[in-house]
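Enquirer: There's a structure below that I have some questions on.
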Amino acid sequence: MTVSLLIFLPVIAAALVLFFKNSAAKHAALVFSLAELVLAGVFLSKFVPNATTQFMVVVPWIPKFGIYFNAGIDGISMIMVLLSALLVPLIILTTYKHEYKNAGAFYALILFMQAGMLVVFTALDGFLFYVGWEAALIPIYFICSLWGGQNRIKVTIKFFIYTFSGSLIMLVALIYLYLQSPEKTYDLSHFYNLKLSIPQQSLIFWAFFLAFAIKMPLFPFHTWQPDTYTEAPPAGTMMLAGIMLKMGIYGVIRWLIPLAPLGYDRYWDTAIVLSIIGIVYASIIAFRQKDGKRLVAYSSIAHVGLISAGLFAWTYLGAQGAMIQMLSHGINIVGMFFIWDIIGSRLNTREISQLGGIAKVAPKFAIAFLIITLGTIALPLTNGFIGEFLLLSGIFSINILLAIFSGLTMIFGAVYMLRMYKSVMQGETNALTATFKDISGSEVLVLGIICALIIVIGIYPQPILHISDAAVKQLVDQTTMKFNEVKP
Amino acid sequence: MITLIIISTVPILLLYLGLYKAQKSLLPVTLIGLLAALGFAIAQWNTSAQPIYSGMMLFDNFSVAFSAVTIISTILIVLLSRGYFEKISSHVAEYYAIILFSLTGIIMMVSYYNLVMLFIGIETMSVSLYILAGIKKTDFASNEAALKYFLMGAFSTGFLLFGIALIYGSSGSFSLEAIRNWVLNSDPHHIDPMFYAGILLIIVGLCFKVGAAPFHFWTPDVYEGSPTLITAFMSTVVKTAAFAAFLRLFSECFQPVADFWVPVVLVITIVTLFIGNLTALYQQSFKRMLAFSSISHAGYLLFAIVALGASSANSVFTYATAYSIASIIAFGGLILVQQQSGNDNFDSFNGLGKKNPFLALVITVAMLSLAGIPLTAGFIGKFFMFSGALLQFHVVMVILAVVNAIISIFYYFRVIVAMYFRDADRDELVVPVYYKLVLGLAAIATIAIGVYPGLITGFI
């Protein structure tokens, strides 16, 4: 049993779903994504949580250029695989009350995108990683610009150009690494063993950093994000925020820091400072947002900034925090965008000032919204807490001042999220919100699952931490050893 | 060498068929001739090739690969021409015949082993093209195209010939092998300046033919004025052949003195990339955009010559194949749209995605391939080019090329945006079966090469 099963199931599914029409496409996509989830579960059950890479597949692809279809799953990849296998069926479920034109194409693109992301999360070959990286981008471009909002054409082309620029720079860096490797290969493990000089590693660091910083996005490369999140169809936003931005974070863990440890050693402070600027900046902008979906988009920049800051601190605790927080953030942000999707499609507005008192007419909805809000602001016993706690303790062990600034996310987040909750849900109902119907059917199911996950992971995160524990420890130790080698 | 004989005799047969009004048999005879030629070419693959005809030609794997790709592209274009030439003129046999004559020259260009053959090949090809460009006799733009092409082409051939003469003057031979030996045996610091002048003149002549800046001024007008299918032929088959000729000459003969000419070609490459891309951005006509983008693709292809090495031939072959297939789709789609709407602006593609999903899909694949997006053949081509250039430490050039690749997204995606995201009242286009076949096959080939490049990278 190899990881290729996991990668190619969505590809085949996408090809089949293309031929279904309307609601049949919906059901087919759901069935296939559930099958993928089950498959991921089987992989998880057979997974041995040590530092080795398992379920490896190595097939010559372009052997002349040292390119192999080389993929496998270790603890870090396992979490990412779980994240995407879990979220895609949920996201498909959230679309059950929507009718999309050309539904077959819509769901096929979502499944194809999932395959691209799985390639990214499991690739152990530079070329394969790049191909997966782009293969995930093309579908989301079409999802956003075919089914998106008013300004979609301008916004999505900006998004595409932004990310494509970053990834081309990364491609140049990958080719450079290939040419430096004595065996002329794109194999990641050979890249790890390269002995490059500090200037070389600095260049590699910045080339990868650019690609990943655009994807996450970090300040000052975030300008595509709020517009794209707002204009994309709800499911597209969830795919982008829930899974796709984790490609950038995963890239930092797997590629950026281990490939250029000396470059990282030189510039980690710049990276952390950029992350923290992003946290404060995005939080302040989030205060002022009138559109709920846009507010959530900015809050996502802030939360990702914290993950990135904790990661660039590169401690065992911080990296573990990043792993679990990626999962939690994915779950919470999908929930949050779904909440706004429900509000937006019922009331035809997302203006926070026009809403209020929904809790009175829709109690079930109110409970779900509250739990997701609490998860997002990282209240203890919710999933957000454990991740942010670990991330902050990682940063704390490096520099107290940085930790204090990073900690602002939690405070700011609480302020703008609770304020949003208050003005949307509490107070008196007005003429618009009085007509709000409580959630039912698939909506209850999705929000129920999300709330359950928020609480379960919040109370007992150990099984998830355990999955990535050994792999993270090994990776952090290995790279830390490399800094120490050069230091006197 | 049966390939060359078949391709040069079939057109004579076609002319007779035309004389006896056997219009129906023209296309089948052309196709059979081309397929036979292709078969004989491929049969030569991986046989130990020796120079033939007193060292005039060498039909090695390089020649087989480039003959194959030019013949296949021609087959695709000829298939698209069903019903196309009849609309323009009543002398249909001549079109097929002249296209094949042109292909004869092209086969010589990809398999020459002597500068005389290079010149004969280029002339055979060019003279046929001058006629083809002006084949819409009553059309003003077509006449302009032919005249411009002829004047510029003749001028550039003059440069080429002068360069060949200077090379002959210093090395004493036209044979590639003899020139190479002469270069290898002489001290690079004491080579006659006449030889270097010859190299420069040959670069000028060949850059004219491939449409590289600053010798590109004929391209947009000629491409726009010629009948669309002829433009497709010029920008795919002819460009591929010119690059094959360029590459063979420089890798066989001039590699030892690369220090001298690489800076020249490097500057040409960068200028070509920027001029092609930046001008393409401002075009309103799809056809003119393709013309300018073909200039920028010439820039990417020049990478292989700047970074001359063992893998250059493979890079050019892959890139040229990817580019040819994608261009044929683009021009094929353009012909259909043009027939319906009467113009070739981007606007005339509006709403195509709804009415003709198949056509829109294949054009999208072509645009993605031209833009170099992974999982299409175009990406593999760009990837090889970038790898080759980085291998020779042309880092700045690659960064500039990346900038250009990003710019090109704007204009290639304009077509996709027009087809899918803009609505327009339009009727469904009737896509003839031949078009479906050719465009479908080309799109499948584009993706197949993109997913598994091993399909073609083993050729050379």
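The values are calculated or read from the model by the stated rules, or taken from the named source; none is laboratory data. A quick note: this is a predicted structure, and the numbers were derived from the prediction, not measured. Neighbour counts are summed over all protein chains in view; Cβ atoms, including those assigned to glycine, are modelled from backbone coordinates with ideal geometry. These area figures cover heavy atoms from the full protein model, side chains too; ligands, DNA and RNA do not enter into them. Shrake-Rupley method; radii C 1.70, N 1.55, O 1.52, S 1.80 Å.
Enquirer: Kindly indicate the residue of the stretch A:53-68 that is more than 14 Å from chain B (Cβ to nearest Cβ) and open to solvent by 70 Å² or more (accessible area, probe 1.4 Å) and also nearest to A:Gln474 (Cα to Cα) among those meeting that condition.
Expert: Filtering the stretch A:53-68 for residues more than 14 Å from chain B (Cβ to nearest Cβ) gives A:53-58.
From the residues that got through so far, the ones that are open to solvent by 70 Å² or more (accessible area, probe 1.4 Å) too are A:56, A:58.
On the way: A:Met56: 19, A:Val58: 23 Å.
Only one residue tops the list, namely A:Met56.
Enquirer: Picking from A:Leu174, A:Leu168, which residue would you name as being more than 7 Å from chain B (Cβ to nearest Cβ), of a type in the set (A, V, I, L, M) and surrounded by 15 or more Cβ atoms within 10 Å (Cβ to Cβ)? Don't jump to the end; show me each part of the working.
Expert: On the way: A:Leu168 fails: more than 7 Å from chain B (Cβ to nearest Cβ).
Exactly one residue qualifies, and that residue is A:Leu174.
Enquirer: For a quick check of your reading: which helices (runs of 4 or more DSSP H) sit entirely within the stretch B:196-278 and have at least 2 residues that are open to solvent by 10 Å² or more (accessible area, probe 1.4 Å)? Working first, answer last.
Expert: Values: elements: B:218-225, B:228-233, B:239-249.
Helices (runs of 4 or more DSSP H) meeting the threshold: B:218-225.
Enquirer: Additional query: Could you please tell me which pairs satisfy a Cβ distance under 7 Å, a separation of 6+ or placement on different chains, a first residue in the stretch B:160-189 that is more than 14 Å from B:Phe254 (Cβ to Cβ), and a second residue that is among the hydroxyl-bearing types (Ser, Thr, Tyr) and open to solvent by 30 Å² or more (accessible area, probe 1.4 Å)?
Expert: B:Phe174/B:Tyr168
Enquirer: Separate question: Tally up the residues in the stretch A:134-154 that are facing another protein chain (nearest Cβ under 10 Å), assigned to a helix (DSSP H, G or I) and open to solvent by less than 30 Å² (accessible area, probe 1.4 Å), please.
Expert: Kept after step one, since they are facing another protein chain (nearest Cβ under 10 Å), are these residues of the stretch A:134-154: A:134-135, A:137-138, A:141-142, A:145-146, A:148, A:152-154.
Remaining after also requiring assigned to a helix (DSSP H, G or I): A:134-135, A:137-138, A:141-142, A:145-146, A:152-154.
Those left that are additionally open to solvent by less than 30 Å² (accessible area, probe 1.4 Å): A:134-135, A:137-138, A:141-142, A:145.
So the answer is 7.
Enquirer: Which helices (runs of 4 or more DSSP H) does the stretch A:209-292 wholly contain that include 2 or more residues that are more than 25 Å from A:Ile331 (Cβ to Cβ) and at pLDDT 90 or above?
Expert: Values: elements: A:224-231, A:234-238, A:245-251, A:261-287.
So the answer is A:261-287.
Enquirer: Which residue out of B:Ala326, B:Ala371 is within 13 Å of chain A (Cβ to nearest Cβ), open to solvent by less than 10 Å² (accessible area, probe 1.4 Å) and out of contact with any Pro (no Cβ under 7 Å at 6 or more places or on another chain)?
Expert: Numbers: B:Ala326 fails: within 13 Å of chain A (Cβ to nearest Cβ).
Just a single option satisfies the conditions, and that option is B:Ala371.
Enquirer: Given the structure, is B:Lys137 over 23 Å from B:Ala212 (Cα atoms) and outside any helix (DSSP H, G or I)?
Expert: In short, yes.
Enquirer: Please work out which one of (1) over 24 Å from the mean Cα position of the chain (by Cα); (2) open to solvent by 30 Å² or more (accessible area, probe 1.4 Å); (3) farther than 27 Å from A:Leu83 by Cα is the condition A:Gly441 fails and give its number.
Expert: With respect to (1) over 24 Å from the mean Cα position of the chain (by Cα); (2) open to solvent by 30 Å² or more (accessible area, probe 1.4 Å); (3) farther than 27 Å from A:Leu83 by Cα, A:Gly441 is out only on (3).
Enquirer: Something else about it: Of everything in the stretch B:338-363 that's modelled with pLDDT of 90 or more and open to solvent by less than 10 Å² (accessible area, probe 1.4 Å), which residue is farthest from B:Leu229 (Cα to Cα)? Before you say what the answer is, go through the steps one by one.
Expert: Of all residues in the stretch B:338-363, those modelled with pLDDT of 90 or more come to B:358-363.
From what is left, the residues that are open to solvent by less than 10 Å² (accessible area, probe 1.4 Å) are B:359-360, B:362-363.
Numbers: B:Leu359: 17, B:Ala360: 19, B:Val362: 18, B:Ile363: 16 Å.
Here the residue is B:Ala360.
Enquirer: I've got another one for you. Run down A:Ser45, A:Ser77, A:Ser33 and say which single residue is in contact with a Pro (Cβ under 7 Å, 6 or more places away or on another chain), more than 14 Å from every other protein chain (Cβ to nearest Cβ) and hydroxyl-bearing (Ser, Thr, Tyr).
Expert: Within the list A:Ser45, A:Ser77, A:Ser33, the selection yields A:Ser33.
Enquirer: Would you check if B:Tyr434 is among the hydroxyl-bearing types (Ser, Thr, Tyr), away from chain A (no Cβ under 11 Å) and either more than 19 Å from the chain's Cα centre (by Cα) or open to solvent by less than 10 Å² (accessible area, probe 1.4 Å) (or both)?
Expert: Values: among the hydroxyl-bearing types (Ser, Thr, Tyr): yes; away from chain A (no Cβ under 11 Å): yes; either more than 19 Å from the chain's Cα centre (by Cα) or open to solvent by less than 10 Å² (accessible area, probe 1.4 Å) (or both): yes.
Criteria met by B:Tyr434.
Enquirer: So is A:Tyr162 over 17 Å from the mean Cα position of the chain (by Cα) and either in a helix (DSSP H, G or I) or within 10 Å of chain B (Cβ to nearest Cβ) (or both) or not? Before the answer, list the steps.
Expert: Values: over 17 Å from the mean Cα position of the chain (by Cα): yes; either in a helix (DSSP H, G or I) or within 10 Å of chain B (Cβ to nearest Cβ) (or both): yes.
Taking the combined requirement at face value, the residue satisfies it.
Enquirer: Taking the condition of being outside any helix (DSSP H, G or I) and either at the interface with chain A (Cβ under 8 Å from one of its Cβ atoms) or open to solvent by less than 10 Å² (accessible area, probe 1.4 Å) (or both), how many residues in the stretch B:377-394 meet it? First the steps, then the outcome.
Expert: To start, the set of residues in the stretch B:377-394 that are outside any helix (DSSP H, G or I) comprises B:392-394.
When the remaining residues are screened for being either at the interface with chain A (Cβ under 8 Å from one of its Cβ atoms) or open to solvent by less than 10 Å² (accessible area, probe 1.4 Å) (or both), the result is none.
Residues in the stretch B:377-394 being outside any helix (DSSP H, G or I) and either at the interface with chain A (Cβ under 8 Å from one of its Cβ atoms) or open to solvent by less than 10 Å² (accessible area, probe 1.4 Å) (or both): 0 in total.
Enquirer: Moving on to the next point. Could you tell me which of the residues A:Ile204, A:Ile249 is within 14 Å of chain B (Cβ to nearest Cβ) and in contact (Cβ under 8 Å) with a residue 24 or more places away in the chain? Before you say what the answer is, go through the steps one by one.
Expert: On the way: A:Ile249 fails: within 14 Å of chain B (Cβ to nearest Cβ).
Only one candidate qualifies: A:Ile204.
Enquirer: Could you say whether any residue in the stretch B:110-119 is outside any helix (DSSP H, G or I) and open to solvent by less than 10 Å² (accessible area, probe 1.4 Å)? Full working, then the answer.
Expert: Restricting attention to the stretch B:110-119, the residues satisfying the condition of being outside any helix (DSSP H, G or I) are B:112-114.
Narrowing further to those that are open to solvent by less than 10 Å² (accessible area, probe 1.4 Å): B:112.
Within the stretch B:110-119, one or more residues are outside any helix (DSSP H, G or I) and open to solvent by less than 10 Å² (accessible area, probe 1.4 Å).
Enquirer: For the stretch A:109-128, what are the residues that are within 14 Å of chain B (Cβ to nearest Cβ) and open to solvent by 10 Å² or more (accessible area, probe 1.4 Å)?
Expert: Correct list: A:Leu109, A:Phe112, A:Val119.
Enquirer: Filter the stretch B:395-420 down to residues that are in contact (Cβ under 8 Å) with a residue 60 or more places away in the chain, under 28 Å from A:Gln150 (Cα atoms) and either open to solvent by 10 Å² or more (accessible area, probe 1.4 Å) or within 8 Å of chain A (Cβ to nearest Cβ) (or both), then give me how many there are. Before the answer, list the steps.
Expert: If we filter the stretch B:395-420 for residues that are in contact (Cβ under 8 Å) with a residue 60 or more places away in the chain, which is where we start, we get B:397, B:400-401, B:404, B:407-408, B:410-412, B:414-415, B:418-420.
Among the residues that remain, those that are also under 28 Å from A:Gln150 (Cα atoms) are: B:407-408, B:410-412, B:414-415, B:418-420.
After this cut, where a residue has to be either open to solvent by 10 Å² or more (accessible area, probe 1.4 Å) or within 8 Å of chain A (Cβ to nearest Cβ) (or both) as well, the list is B:407, B:410, B:414, B:420.
Looking only at that region, the number is 4.
Enquirer: Also: Just give me the residues in the stretch A:97-107 being within 12 Å of chain B (Cβ to nearest Cβ) and touching a helix residue (DSSP H, G or I) at 6+ places or on another chain (Cβ under 6 Å), in sequence order. Walk me through how you get there before you give the answer.
Expert: At the first step, the residues of the stretch A:97-107 found to be within 12 Å of chain B (Cβ to nearest Cβ) are A:101-102, A:104-105.
A:Gly104 - this is the single residue of the stretch A:97-107 that is within 12 Å of chain B (Cβ to nearest Cβ) and touching a helix residue (DSSP H, G or I) at 6+ places or on another chain (Cβ under 6 Å).
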